[in-house]
Amino acid sequence: MKLLRTAGLVLLLTLAGLLPACRTTAPTSPLTPSDLSDLTQTSYLQMVMRYLYRWQLDQSEFEALVSHKNIIFWVHPLNLKLDPGDHSKFADILLPQLNMTLRVKKADYMIAETGEVAKSKRFKIVSVSRGEVPWYREIPWFKPHGSTEATLDSRETVDFLFQTRWQLDYFDPTIVQHLIVAAREQAAKEGLLDTNALNAQRLICIAPVSPAANETWVLWEIRRKLFYISSDIDLEDPAVWKYQTLTFRTFDLRQQVVVAHEEASGSNFYLTRHQVSRVLFNCIVLGQRIDIPPNSFTNATPTNSVSGPIK
């Protein structure tokens, strides 16, 4: 069966290569020595680890990782095909000891509708995947060709994560208002602003800012809804709210929570209990709790946010 799946994948890739391109593409800009320096410096990798610590790692993964003397990172530049004029840069940060891959992006492109340039100040995590790192046995040649290795001392990293576990970076009031407006608009699109809800006080919780990712979660307690908001450029940058289209997802805690994704294989409609517990901890325990008067939520100015795809 595995052989058949592999043969099928090869056939699909071959056929894809024979299809004519629907538009011209160009390769991503190569990483400069300065980019590699940014991606391998201790302060950046510590922020990556704090993101994983808060949003990804369970107890067994964390204990297995810090059992090593050093935490190993392989920074692998990516050569992706992008639209003309898109000068964004991509790389994979592989953690072989966790068999985990982080894809990072530094956006740099023009928004066709406005002619404005969307540009990130630093590389941010756009996806996390497991099970895709070459098998690690502490042998140098297992490192992917062209990768740069960096390490963090495990003991020092544990101390850093412990000391900063309550270090909370919050959005400033202007960005909070933008997030409230975006949440209100999405709630209106989905028919969540019924009469009873309009007259009720809205308590929302917003997760802290992550220096390593352009995303956040908002919990609407009274309706048991989670809003996921992400962007190509920094959410705390005021320009993102003027020019940039957001990715916006809504999850109903009563309808869209499962024990494992295998219950609905192939669907991104659900969150697992583990994912929800992480979000609730970051929103309720670590996040900002904000009371919103009904009128301010109802009459908020629309944004240009859009919903993400749900299968």
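In table form, for the structure just shown:
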| item | result |
| --- | --- |
| Extended-chain gain in nm, criterion 0.36 nm per residue less alpha-carbon gap, Ser147 and Glu116 | 7.8 nm |
| Listed residue pairs exceeding 22 Å between alpha carbons, taken from Lys106/Lys242; Lys69/Lys121; Lys189/Lys242; Lys81/Lys105 | Lys69/Lys121 |
| Within-15-Å neighbourhood charge of His178 [Cβ basis; K, R +1; D, E -1] | -4 |
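We did not get these values from a lab; they are worked out from the coordinates using the rules stated. All figures in this text were calculated on a predicted structure; none of them were measured in a lab. Note that each Cβ is placed from the backbone with ideal geometry, even for glycine, and that neighbours are counted across all protein chains shown.
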